[in-house]
Amino acid sequence: MKHLGILAHSSEGAALCFRTFCQEGFAELGPHEHPDVTLDFIALARSMPAWDQGDHTAIRATLSESVRRLARAGADFFVCPDNTAHMALELPGEELDLPGLHIAEVVADRAARDGRTRVGVLGTKYLMDGPVYPRAFADRGMATELPDADDRQTINRVIFEELLSGEFTASSRQEFTRIIEKLAARGCDAVALVCTEIPLLVTPDASPLPTLDSTRLLTRAAFDVAVGHRAVPTWRGGPVGD
């Protein structure tokens, strides 16, 4: 079995990825069994000034250091359960020390297999304003829809003031449900939960649209690589396809 490295950039999403990966092992391999997994986390606080300044190069350098540490720990490949971080990981630059699964590619592949045509995107303000998901969905012939400006501010506030600290409230769940209902009215046939903490707030039974849970989809793909059901990835950062 292959050794997974988890490149953490936020705590709740990384913890969900780690826990889900182990649980996949328990379900498929037997009690208490799973492939080796190592998690590395350089505190998000060190990168927040760079996010606010739009300095993705500095963020890529921090994430690259985590990948180096995972490689030294013996990992064979990595995943980053943080969608926004992929804006930095996609920058041109030196190859990362390990190959990795790209979260948007995994999510978009699942949407395509499900026959989706127009997908709402919920994430941080950085991600919703960025190119990662529009490109991934467009490459597969699907359209994306964003919440309106006020709703994007609400989503971003909840993510940074609540979800990243492990706070999940009924009032915020109601707000997200309202936003998803508006996306459904605009013709979306699914919603991509592409801040990895959002699936902890918006469960499938609470969503007016079918959900694409970026955290668990990435984790299942990682498990499939680790046990040999899926090929080891080849992407080492930089623009997808290069």
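The values are calculated or read from the model by the stated rules, or taken from the named source; none is laboratory data. If you're wondering where the values come from, they're calculated on a predicted model, not measured in any experiment. Every residue, glycine among them, receives a Cβ derived from its backbone with ideal geometry; neighbour counts consider all protein chains shown.
Beta carbons closer than 8 Å, at least 6 apart along the sequence or on distinct chains, never pair a first residue in region 18-40 that is assigned by TED's automatic domain parsing to the domain that holds Glu65 and in contact (Cβ under 8 Å) with a residue 12 or more places away in the chain with a second that is surrounded by fewer than 20 Cβ atoms within 10 Å (Cβ to Cβ) and of a type in the set (S, T, N, Q).
The one condition from (1) within 20 Å of the chain's Cα centre (by Cα); (2) part of a helix (DSSP H, G or I); (3) modelled with pLDDT of 95 or more that Ala75 does not meet is (2). Residue check: Ala108 meets all listed conditions (1) buried (at least 24 other Cβ atoms within 10 Å of the Cβ); (2) farther than 30 Å from Ala143 by Cβ but one, namely (2).
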